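Heads up: the structure comes next, in structure tokens.
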Amino acid sequence: MKGLPVLCLLLWTCAVYLVGIYLFVGGFLLVRLEVNRTSTCGDVLEPGEEPVDFCRARPRFRRAVVLIIDALKIDFARFDPSKSDPRPYENKLPVLEETLSSKPSQSRLYPFRADPPTTTMQRIKGFTTGSLPTFVDVGNNFASSAILEDNLIHQLGQMGKRVVFMGDDTWESLFPKKFHRSLPFPSFNVKDLHTVDNGILQHLYTTMVGDSWDVLVAHFLGVDHCGHRFGPDHPAMADKLTQMDRVIRSVIDRLQNDTLLVLMGDHGMTDTGDHGGESQKETDAALFLYSPSPIFPGPPSQMDPDVVPQTDLVPTLALLLGIPIPYSSVGQVLLPLFHPPGVAGGAVGGLSQLEALWINVKQVNRFLETYSGMAKDIAPESLSQLKEQFARISSDYLSSVREGRPPSAQLASSLQAYLTAVRDTCRATWARFNPLKMAAGLAILGFACLMCFVLSELSLPLIQEAGAGLKAPAAVALAAGASVAAAQLLTRGHAEAAWCLAAGAFCSELFFFWTARRLNAPAVLKNGTKAGKSGRWLTARRLLVPPLVVPLLRCASLLSDSYVIAEGRVVTFLLFSLALYIPIHLNWDGLLLPPSPDPLKTAGLLPSPALSPSTVRKESCALLACSGLLIGSLFLSLSFHGCREEQGLCQPSPFLSSLSRLQDSQIKNLHYILSVVSLGICTYLLRHCLCHYGNLNASGGAVFAARWVLPLLSVCLGLHWAVSATPEDSFRNLAELIRLAQLALPRAAFCLLGLGLGLIWLDPLTVFVKARAAGSARGAHLPPPRYRASTGISPQAELHHLIPQIYQRMRRSLEDGEPAGGGGEADGRPAVEAYGLGTVYSAPLLLFGGLLGIGLLLLHPEGMAASFLLLLLEMGALLYIHASSITLSGLQGAYSGGFNVPWTPVVLWSLAATQFFHATGHLPTFPSIQWSAAFVGFPNGHTGTIVPASLVTLNTFASHILFAVSCPLLLFWPLVCEVRGSRGGRGGGEDGEDAVMEMRLRENPQQFSSALLQLSTRYLFILGAQVFSSVCAAAILRRHLMVWKVFAPKLMFEASGFLMSCLFLLVGVTLVLRVDVAVGRWFKRLVPDASR
């Protein structure tokens, strides 16, 4: 088998796809230009002549305490006395209502609206810089980098204010060495509800009563972590909010008259406790303001805003504390905190509302002029309108000041309207794109899809030509990339890697098409067939067949936001429809039932059918039974789906919640039993399949993994679920042992998984050799021995899966060239019996996928065990449907001697990967990411970001991984289930040629390589077409209202899933090549003469 050309061609194909994705994403998800300038007290804001803006007035407050309760949504802060039986998260902060009702001139509560993405790092960046985030910022939540833009923390330090911080260690990475004193605590372990909060409480009150601070920032994480772990509707949330109520009371009691308390949440949470998206439940947090001295003119009035954007906190705090507004802020001041016109500031000092607005407007106008001069991306019409608006309100304000008359009632509204217009313009502008990169990425992806299709059609000629299909395109790619790099260095002084990669990928694609056209010229191949002409590649007859129409329709549907929202159910329907197409098509062709008796065939005047009537009935029943199993699995899998915010009344599956979230002990026990039973069935089915085909009789590494590692891994998983479901307040005497088990069991499972996969890779053969009589077989005077390879020790298995005369087949596969030996033992039985040789390729691949699946199940909630069982049943049903359809197609004599996998099973396999992405509770949205996977085996958190990011990625794309690594089974399974005579034997029915199963592949190494390459490229074509469609949807609808809520996340998930599929498809193909090498060595050891 020519393994290296197959692997190299697949590597090159994947690389071209990834270059196209990289280019498009680089043009679609650009971050905005950051203005690295800093405001100072000496700045002159135009129009003006003196530096009397930022620091001219006496600060309203000398100190400020900023309490951030992570994920404090507005619903948690409101109080409804009419509710006699509130939910766990309701009415748990009564201190806010008591303060608001008793001290209306000293306190306010507002909804505090965040800009998406609603992740902690981006929210901290938003309410300290006053700038707006971009979509791509969500990817930085794993690795927070220092904020370089001007921000409140920098301004406070620049003005000599002593900032003391305690809490979430994200602040330390965003503002390194900026604090007078810092007490960070690890933040990423969502299962830890108390470490950060208790650490803050150890220092908060002692710090407040001291005099070594001016601004105190405390960031509590317990509420957020409680939401992630249990959800908001859980008693643990009530306990945590009650604790926060006590904290707020204690802080209020310790405040001085010149101190402002700012209590806020950075974002909200969904009903499942997640966040990251842009639904109102995720964006609406709470903002509570309080001071012991009056700060508002009276009770809330119509002048108070209904909602406060988070960016508005930046200019408000800056002017209240007497520091410059950060340079890039686009927020507007919160007017109720400044005294209205005609009311003197009095002893407390501070700016009036109009003065604060005027400074704010000049600061925002300065940023707008600076940014528009640097970036050149604001529409000229919008920029001109904003300049005219600023000139008009500046003239009104300055004229009223010069004339000494009070400003008109409309002036404040005009100033606010200008600030709102600038923010809206910036928000629209910062969704900017690079059309050239996007177009280049689209072109490369489109040609990559076409290239995959051509590769699948010309796999055999390319394999026969060996290196012709790869060496020249690789050289052309390197030359083109080097030429572009040199041209950029000469003209621009630096080279941009994106364009070098684009040139290399595009030129290699074009050169490949030229090579493919040359190879596709009419020529007689070794098997006597003729290759088709190049003009027949893309005919309507090839493309518009039902198996390809289904994925093409799905790709077109990706342009609809309604389809993307309902994709989980639609893909299930498409999979169901295409699965039904197979028996319907076979019945239409008259292949599902045995043919009626023909007198001419009985008389011997016409050839007999390839299969006996009993065999046809058996295969038809098997196909229909597997179709029923598939339909049942699809129906049950709908019970494991999650819900998007746009789906309204949809209720997420209860199986998505971990056992620790369930409060009813009876339901918890039932869920645990169901999970353990499902895990046990998965383990049993895998072992039974291997045992049935005789693959558990040997003593190699792969067999050891199947016999011992697989069941031990399942036991570790079941014990880990039991320990994780144990409440923290139970078994107090065993608390330390439980914590140790939570650490040791998943890590033991990871070690067993690594051991099992490593053993399969190092020693993949599952073949057992049994010699009858060693002495008689070794005699030099005897003819060479004959071998047979059966799939089990039992006599029944030997009768059904016997490979006779295997010695002659081995000699042909080794290209020995000597004439085949004749007789064997006196009784006609072979001297050596090889058990499991008929499934030598599929057995290690099946075991590898099974171990990997149980390892991935470890990263999911316990309830997903039943979903993974359905995944295994669906895989098996698809494989047997494919095998039976191939067997029944033999009635027409359609078998041509090759091993090509039709389009239908490949499309079904790819649809199943997407369907089980949804059936494992995942959605193409950021709030649906199951972050708890990062802490499986690491309950105390991580020191870096690579391990948690890898665990979350493996959890999210588990279905893509399993279907990709198992894809070669589509090639092997028709051979595993082969019926004697079904592959063109000399005779008919049961008296024809014996079923030799996967040993056919050894007899035809070129066709084996060709079929493996064709299967892989067809699978990549389907996946690549999905990515290409997502890219087109994002490009065409880039100004659509739902682009950042629906299409951009879909693109990111589709591209990431494609990357994981490519990686693990290469792993699966490489494992097949590893097995082929091991089989060759085994033959040479078994037949020493043939190896000479």
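Worth pointing out:
- Per residue, in Å², the accessible surface of region 223-298 once ligands and nucleic acids are set aside, probe 1.4 Å: 28
- Region 191-247: relative contact order in percent, alpha carbon pairs under 8 Å with at least 6 residues between: 38
- If the chain linking Ile1036 and Glu465 were pulled fully straight, counting 0.36 nm for each residue of separation and taking away their Cα-Cα distance, it would gain 201.5 nm.
- Assuming charge only on the beta carbon of Lys and Arg (+1) and of Asp and Glu (-1), the dipole of region 253-409 about its Cα centre is about 760 debye to the nearest 20.
- Cα-projected label distance for Leu33 with Leu685, points at 7 Å along beta-carbon direction, nm: 5.8
- The calculated FRET efficiency for Val947 paired with Val401, based on their beta-carbon distance and R0 = 56 Å, is about 0.40.
- Accessible-area ranking of Ile946, Ile673, Ile881, largest first, probe 1.4 Å: Ile946, Ile673, Ile881
- Gain upon complete extension [Asp424, Ala391; 0.36 nm per residue less C-alpha separation]: 10.0 nm
- R0 of 30 Å, Cβ-Cβ distance Lys618-Val545: FRET efficiency to nearest 0.05: 0.60
- Share of pairwise Cα separations in region 38-107, more than 18 Å, in percent: 64
- Taken over region 613-758, the percentage of Cα pairs per 10 Å bin, counting from 0 up to the bin with the maximum distance, is 9, 24, 29, 24, 11, 2, 0.
- With the simple model of a label 7 Å out from the Cα in the direction of the Cβ, Ala744 to Ile673 spans 2.9 nm.
- Taking region 912-982 and dividing mean pair separation by its residue count, relative contact order in percent (alpha carbons under 8 Å, at least six apart): 35
- Orientation-averaged projected area, Cα convex hull of region 229-352 (nm²): 9.9
- For Arg87 and His180, the FRET efficiency from 1/(1 + (r/R0)^6), where r spans their Cβ atoms and R0 equals 30 Å, is about 0.15.
- Label-zone membership for region 285-321, site Ser102, 7 angstrom Cα→C-beta point, backbone N under 16 Å: 290-294
- The largest accessible area among Arg427, Arg1081, Arg1000 belongs to the first residue in Arg1081, Arg427, Arg1000, and the rest follow in falling order (1.4 Å probe, all chains).
- Normalised radius of gyration (Cα atoms, divided by 2.2 N^0.38 Å) for region 1007-1069: 1.39.
- Segment Ala735-Thr40, length gained on full extension (0.36 nm per residue, minus Cα span): 244.7 nm
- Model label sites at Phe433 and His692, defined 7 Å from Cα along the beta-carbon direction, differ in position by 5.1 nm.
- Of Lys73/Lys103; Lys92/Lys125; Lys125/Lys178; Lys362/Lys1045, pairs whose Cα-Cα distance is over 26 Å: Lys92/Lys125; Lys362/Lys1045
The values are calculated or read from the model by the stated rules, or taken from the named source; none is laboratory data. The structure displayed is predicted, hence computed values, not measured ones. Counting neighbours? That spans all protein chains shown, and the Cβs are built from the backbone with ideal geometry, glycine included. Side chains are part of the model used for accessible areas, which takes the heavy atoms of the whole protein and leaves out ligands, DNA and RNA. Shrake-Rupley method; radii C 1.70, N 1.55, O 1.52, S 1.80 Å.
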